[in-house]
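Please read the structure below before turning to the comments.
No value in this document is a laboratory result; all are computed from the given coordinates. All values derive from a computational prediction rather than experimental measurement. Heads up, the Cβs are rebuilt from the backbone with ideal geometry, glycines too, and the neighbour counts pull from every protein chain shown.
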Amino acid sequence: MSSPLDTGHLLEAMQWRYATKRFDPSRRIPDDVWSVLEQALVLTPSSYGMQPWEFCVVTRQDLKEDLVSSSWGQRQVADCSHLLVITARLSVGEEDVERLMAAIETTQGRPRDQILGYRDMIIRDVVTGPRSVDAHGWARLQCYIALGNFMAAAALLGIDTCPMEGFLPDVYDKALGLTERGLSAAVLCPAGYRHPEDKYASLPKVRFPVEEVIRRIS
């Protein structure tokens, strides 16, 4: 980075953002801004760098409308500009690890013999080891890292978001053709612009004091 991040701007953005209850359906996120948010998603860190996800972006209005009934009737799904569906891999196999190894070789120019130990460690943990028992559950946890990263990036760009677990994954999986891709919907995050009449936008945040939630050990 050429200069330090403005800490005041960061906190202002965090105070500004909220779980948007009502989006303005007439406003659309500009393509160049959305492109940056997609890059932020791609840059999300993950355990072992495995990236056990796929980000499905829905902008087709009729499909968004159809998904409202499977989202506990929450209109954010239809009224947002872009509906982000963060999906997790149903399983993790050696082929997924090999895909990562190939990417490391290509991107970092590291020969295979230098990363064989890393490859074997991942396989012993996620593919055949303790985490293999619930690899999908492990992948779903990674999705929440992406969710937080996306929401923070959106707030810094003045884009509203609303994280949502209130939906029927099975219906989303079928509607978006996820199962045949080895994926399942983990969490939603509609994004767009708050409606000027959303009363929740001006409510103070309810957060426990710093001294009650942060324990410093030094």
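Placing a label point 7 Å from the Cα of Glu94 along the Cα-to-Cβ line, the residues of region 102-125 whose backbone N sits under 12 Å from it are 120, 123-124. Annotation: lysines with alpha-carbon distance below 16 angstrom to Lys205 (same-chain offsets under eight excluded): Lys21. Spin-label pair Asp31-Glu12: with each label point 7 Å from Cα along the Cα-Cβ axis, the two points sit 3.1 nm from one another.
Among Met101, Met14, the ranking by other beta carbons within 10 Å of each residue's beta carbon, starting with the fewest, stands as Met14, Met101.
Amide H contacts for Phe23 (H built 1.01 Å from N in the peptide plane; partners 5 or more residues away or on another chain; cut-off under 5 Å): His195. The residues Leu156, Leu84, Leu141, Leu67, when put in order of fewest to most other Cβ atoms within 10 Å, stand as Leu141, Leu156, Leu67, Leu84.
Residues whose amide H comes within less than 5 Å of that of Leu183, counting only those at least five positions distant or on another chain, are Leu90 (H built at 1.01 Å from N in the peptide plane).
Per-residue Karplus couplings for region 188-193, computed as 6.51 cos²θ - 1.76 cosθ + 1.60 with θ equal to phi - 60°, are listed in order as 9, 8, x, 9, x, 10 Hz, Gly and Pro entered as x. What the phi angles of region 116-125 give under the Karplus curve with 6.51, -1.76 and 1.60, with θ = phi - 60°, is a coupling list of 4, x, 5, 4, 5, 5, 5, 4, 5, 9 Hz, glycine and proline written as x. Dipole check for the chain: with +1 at the C-beta of Lys and Arg, -1 at the C-beta of Asp and Glu, and the Cα centre as origin, the magnitude is about 500 Debye. From least to most packed, judged by other beta carbons within 10 angstrom and beginning with the fewest, Phe167, Phe150, Phe208 follow the order Phe208, Phe167, Phe150. Under the rule a/c < 1.5 gives rounded, and otherwise a/b versus b/c splits prolate from oblate, where does region 1-66 land using the Cα gyration tensor? The shape class here is oblate.
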